[in-house]
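The values are calculated or read from the model by the stated rules, or taken from the named source; none is laboratory data. Quick caveat, the model's predicted, so the values are computed rather than measured. Methodologically, a virtual Cβ is constructed for each residue, glycine included, from the backbone with ideal geometry; neighbour enumeration extends over all protein chains shown.
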C-alpha cells in the first residue's frame, strides 16, 4: 500500500480467480475512487506499489513461456496504463519491492534463478522514469537469497533487506538469516532468525 499526494491511498494485489494484477485507489476517507484489473500473459502477480508524480508503479512477477519474469507496470492517476515491461532471463525472476531513484527512475528488487550463483540470488533492476531497462545486478552465493525491501542511502546508494539460506557442511544446519546489505558492499553480518538441524 502507498499513500498518494492528496492524502489518499493506493494498494495492489492479485485477483486469484483470474490471475490479474489488481489496483485500488482510495481517497483520504477510504472511499474508493477506482479499481482496475490488469491482465497480460497467463498471470500478473502484483507484490508492491509506490506512488509517483505521474501515477503509480506496480511490480511483481509475470508468467511468460512457462517461466516467471519480473514486471513493472506504470499507471497514471486515473489507472490508465503507461508502460508494462518485463525483466529477467529464462528461469524464474520476481520483484518484491520498488523505489523511486534520485534521477527520476525506478529500482526494482527481488530474486532471480536466471542469473548469479546456484539456486536463487538477490536481483536488482534499474530503469529510467518511463520504465525502460538501464542495468541489472545479482548478488548471492549458492542456495537461496532474495530481497524484500529496499531504500536509498544518504550517500546516493541503496540498502536492501532480505534473506539468505545456507547449509553448513560441518554442523549440518540450515540457517535462515535476515540481513541488511549496503549496495555495492559485501555482507558483513546477519542475524539468524531460524535454524534447523539436518
Breaking point among (1) more than 20 Å from residue 137 (Cα to Cα); (2) touching a strand residue (DSSP E or B) at 6+ places or on another chain (Cβ under 7 Å), for residue 61:
(1)
By residue number, the members of segment 46-68 that are at pLDDT below 90 and crowded, with 19+ Cβ neighbours inside 10 Å are 62, 68
Name the strands (runs of 3 or more DSSP E) wholly inside segment 82-162 in which the number of residues that are under 11 Å from the mean Cα position of the chain (by Cα) and surrounded by fewer than 20 Cβ atoms within 10 Å (Cβ to Cβ) is 1 or more.
93-100, 145-152
Condition set touching a strand residue (DSSP E or B) at 6+ places or on another chain (Cβ under 9 Å), without any contact (Cβ under 8 Å) to a residue 24 or more places away in the chain and within 28 Å of residue 64 (Cα to Cα), scope segment 12-34, selection surrounded by the fewest Cβ atoms within 10 Å (Cβ to Cβ): answer is 18
What do you reckon, is residue 9 crowded, with 16+ Cβ neighbours inside 10 Å and over 21 Å from residue 129 (Cβ atoms)?
yes
